[in-house]
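Written below as structure tokens is the structure these notes are about.
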Amino acid sequence: MRALCWNGKKNVRVEHVPDPQIIDQHDAIVKVTSTAICGSDLHLYNGLMPTMERGDILGHEFMGEVVEVGPDLQGKGGKLKVGDRVVVPFTICCGECEQCRRGNFSVCERTNRNKELADQLFGHATAGLFGYTHLTGGYAGGQAEYVRVPYADVAPVKIPDGLTDEQVLFLGDIFPTGWQAAVQCDIEPQDTVAVWGAGPVGQFAMRAALLLGAKQVVAIDCVPERLGMAEAGGAIPVHFEEESVLERLGELTQGRGPEKCIDAVGLEAHVGAKHLDSLYDRAKQAMMLESDRPHVLREMMYACRPAGILSVPGVYGGLVDKIPFGAMMQKGLTLRTGQTHVNRWTDDLLKMIQDGVIDPSFVITHTVDLEDGPAMYETFRDKEDGCVKVVMKP
Amino acid sequence: MLQHTISTTTTTGVRATSPRLHRGEREATILQRARPTNRLAQGLGWFSLALGLSQLVAPRGLARIIGVRDNPRSIAGMAAVGIRELASGLGILTRTRRAPWVWMRVGGDVIDLALLGRAVTERRRRRGDMQLFGAITAVVGVTALDLFIAQRLSRGTDDVAARTRSQKQVATKVITINAAPEEVYRFWRDFENLPRFMKNVASVTMLDDRRSRWVVHGPAGLRIEWDAELVTDRVNEAISWRSLEGADVDNSGSVQFVRAPGGRGTEVWVEIRYDAPGGRMGAAIAKLFGKEPSQQAHADLRRLKQLLEVGEIVHSDSSIHHGLHPARPSRMRINPSRMQKEVLR
């Protein structure tokens with residue numbers, strides 16, 4: 001089969017690799033019909049996440065049709081059978097360990113095959129993820145024609161007829177990720193929610209915040225078409241290179257600051273002369289003295305209204321520097337973060353899509369063949385050609 | 001929340017205490033008395049290594065610091081002293097009996113003082129005086145410390161401490177498994193089940209009721225074998241075993257099954273004692289490669305948890321074959337029903 005393989009920094013290639021096969025009893029093989037490039041894939045592309053191996057298959061946002069199931073899923077009128085159409089969440093979970101039973105699916109205790117490695121780096125390991133470094137298990141990803149899905153009767157979401165791939169594909173990651181980011185904010189009717197980053201996750205976080213009843217949502221970015229997309233969704237755009245974020249947030253909240261702040265940017269914050277700290281981070285990164293660029297974290301801590309909440313769906317991988325933790329503590333801020341517990345939200349969100357409350361396909365700007373994947377990584381990274389979200393058809 | 005209480009303590013003295021395991025109290029007090037001396041000795045060992053290295057790497061710089069002229073003769077002397085320091089440092093850090101190596105330091109101190117004394121008599125300018133006398137004062141201080149520790153170590157506490165410290169490495173690990181103690185005990189008591197979750201154990205064959213033959217994959221493809229006997233067998237509570245005379249790696253172990261509070265299943269406490277090849281240094285090197293027994297015990301317990309809770313150990317694409325390989329499907333034809341038994345490594 002064909003698959004997009006990581007071959008080093010800024011080197012993604014279409015390769016012919018063996019077809020996946022059933023290995024464990026609860027496995028299924030899914031024939032991919034749609035797969036997307038995630039903003040967090042760009043961290044891999046830019047070589048910022050440790051423990052990638054040359055030849056790893058990328059991709060953790062995908063859906064398709066079940067073509068084969070493992071011995072344990074055969075017969076028994078099981079939850080999953082050949083022919084089912086499923087969206088596969090990026091987090092692999094067993095559904096039975098204590099964390100899964102609490103709904104903390106992204107920290108499943110069983111699915112990360114490389115726990116030793118992750119324990120050393122993070123203290124404790126988190127769940128296995130598709131196509132996202134060996135630290136999270138070393139599972140082949142979904143930017144391919146076929147994928148082997150472990151514990152296939154647990155996480156994958158069966159899709160009813162009458163919905164297109166484009167409508168439901170994002171149930172596997174970015175839609176629940178944006179949703180969880182907003183839910184974590186405990187939104188109240190008088191709240192201003194400021195969202196840094198108007199990429200796909202930011203777009204969903206903004207819409208989620210409005211659906212959850214926020215008074216106003218502010219979108220902070222520097223890409224005009226992304227700000228335009230946010231505005232179309234009901235957010236107030238702030239172009240951080242043309243105006244001062246802190247001043248604008250002050251104006252919009254009568255000086256109080258936003259009650260809730262969401263970091264939908266993560267470890268690769270924009271580097272620009274307007275933000276001296278971003279230059280400092282870039283320099284330290286080049287000298288390998290810091291792995292992540294936390295400009296957004298700093299600004300959120302400074303901007304947020306005392307006793308507010310910071311929610312961080314953006315991906316961080318290692319160490320950050322010069323965090324104004326004094327502001328964080330003195331202002332009594334709450335920090336909530338984590339990889340998305342996808343299956344906590346999928347039932348509700350699928351229903352919202354069916355009811356027409358939201359159509360997630362609005363973020364898609366490019367639909368291409370898998371062959372064009374490598375080129376699209378570059379386009380997406382450089383935010384060229386109005387690119388917000390790329391969907392590939394293997 | 002207790003799901004992953006893992007306590008890691010290898011080596012010297014204090015360990016995370018597992019329930020119901022009693023250690024001789026006498027031995028414990030001796031250990032406690034010996035500990036500060038040993039720690040100081042270890043400090044001296046590292047000091048020797050650091051000093052020796054800097055004498056070899058930057059002899060001129062060091063000569064200037066202590067106020068000795070940096071002519072070829074003193075540089076050669078510096079290198080010789082450096083090699084001596086390295087030897088005593090390595091000796092203190094790696095050997096089980098430390099006393100002789102600390103005495104070697106005392107001897108070295110005397111030589112150093114003699115050398116510095118000559119430097120005083122040979123000096124022509126007064127410029128390096130401050131540094132030179134500073135160096136002499138420092139060496140006198142260190143000599144006193146060396147002498148004190150060497151004497152204490154020689155007085156016998158050293159040997160007791162050494163025996164427990166490095167000949168026997170101890171690894172204690174615990175994991176909570178969501179299954180009844182009876183079930184976990186039954187699974188473990190059938191020793192032939194052990195290779196299913198112990199990555200390095202190739203096979204365990206029961207020879208009779210109490211004795212079993214173990215075959216283990218050692219480093220660099222070595223096959224290590226030994227016979228072991230059952231020592232304790234308390235139904236649903238504890239099992240312990242030890243290797244018999246003539247084992248390649250002398251080892252013993254115990255496992256206890258304690259009902260976890262709040263209906264969380266069973267706490268499985270494992271303690272493994274073994275002769276680390278190469279003593280502490282060997283263990284430290286093994287640790288770097290993740291091959292150290294306490295790390296392996298940790299990983300083994302996780303596999304046991306998966307096996308007992310789910311009935312299988314999940315494989316990722318990068319864990320199918322031995323060694324590092326990319327996360328992509330295997331070229332090999334895989335039979336899922338045999339996967340659990342065969343391709344664990």
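A few comments on the model shown:
- Ranked by how many other beta carbons lie within 10 Å on average, peptides A:276-282, B:57-63, B:87-93 from highest: B:87-93, A:276-282, B:57-63
- Peptide B:307-315, shielding by other chains (average Cβ, 10 Å cutoff): 6
- Fraction of the pair-distance distribution of the range A:18-101 above 17 Å, Cα-Cα pairs, percent: 60
- Interatomic Cα distance distribution for the range A:25-74, bins of 5 angstrom, percent: 5, 17, 19, 17, 16, 15, 9, 3, 0
- Net +/- balance of residues flanking A:ARG102 in space, Cβ distance below 12 Å, scoring K and R +1, D and E -1: -1
- Placed amide H near A:ILE236: partners under 5 Å, 5+ positions off or other chain: A:VAL217, A:VAL218, A:ALA219
- For the residue pairs A:LYS284/A:LYS331; A:LYS284/A:LYS393; A:LYS79/A:LYS215; A:LYS10/A:LYS274, alpha carbon separations beyond 31 Å are given by A:LYS284/A:LYS393; A:LYS79/A:LYS215.
- When you count the other C-beta atoms within 10 angstrom of each residue and take the mean per peptide, B:94-101, A:382-389 line up highest first as B:94-101, A:382-389.
- Computed log10 I(q)/I(0) for the protein assembly as shown at 0.06, 0.11 Å⁻¹: -0.49, -1.17, from the Debye equation with unit scatterers placed on every C-alpha and solvent omitted.
- Test item: Cα-centred dipole of the protein assembly as shown, Lys/Arg +1 and Asp/Glu -1 on Cβ, debye: 4120
- Three principal axis extents of the range A:329-394 based on alpha-carbon atoms, in descending order, are 48, 37, 19 Å.
- Cα gyration tensor shape of the range A:188-343, rounded if a/c is under 1.5, else prolate or oblate by comparing a/b with b/c: rounded
- Multiplying each eigenvalue of the alpha-carbon gyration tensor of the range B:175-271 by 5 and taking the square root yields semi-axes of 26, 15, 11 Å, largest first, rounded to whole angstroms.
- The charge dipole of the range A:141-194, taken about its Cα centre with unit charges on the Cβ of Lys, Arg, Asp and Glu (plus for the first two, minus for the last two), comes to roughly 220 debye.
- Other protein chain Cβ atoms within 10 Å, averaged over every residue that makes up A:19-32: 4
- Within 10 Å of each Cβ in B:85-98, the average number of Cβ atoms from other chains: 0
- For the range B:32-88, size of Cβ-based charge dipole, Lys and Arg +1, Asp and Glu -1, in debye: 160
- Kirkwood estimate for chain A, i.e. one over the average of 1/r between Cα atoms, Å: 21.2
- Whole-Å distance, taken between Cα centres, linking the range A:73-133 and the range A:351-365: 26
- Each of A:GLY178, A:PRO156, A:GLN167 was scored by the projection of its Cα onto the charge dipole of the range A:140-209, and the greatest displacement toward the positive side belongs to A:PRO156; charges sit on the C-beta of Lys, Arg, Asp and Glu.
- One Cα centroid belongs to the range A:1-56, the other to the range A:291-307; the line between them spans 32 Å.
- For the range A:235-249 versus the range B:208-266, the gap between their alpha-carbon centres in whole angstrom: 65
- For the range A:270-354, the equivalent ellipsoid built from the Cα gyration tensor has semi-axes of 29, 18, 12 Å, listed from largest to smallest.
- Accessible-area composition of the range A:259-379, carbon plus sulfur, in percent [1.4 Å probe]: 57
- Global form of the range A:1-149, assessed from the alpha-carbon gyration tensor, a/c cut-off 1.5: oblate
The values are calculated or read from the model by the stated rules, or taken from the named source; none is laboratory data. This one's a predicted model, so the numbers in the text were calculated from it and none came from an experiment. Glycine also receives a Cβ, built like all others from the backbone with ideal geometry; neighbour counts cover every protein chain displayed. Remember, those area values only see protein heavy atoms, side chains included, never the ligands or the DNA or RNA. Shrake-Rupley method; radii C 1.70, N 1.55, O 1.52, S 1.80 Å.
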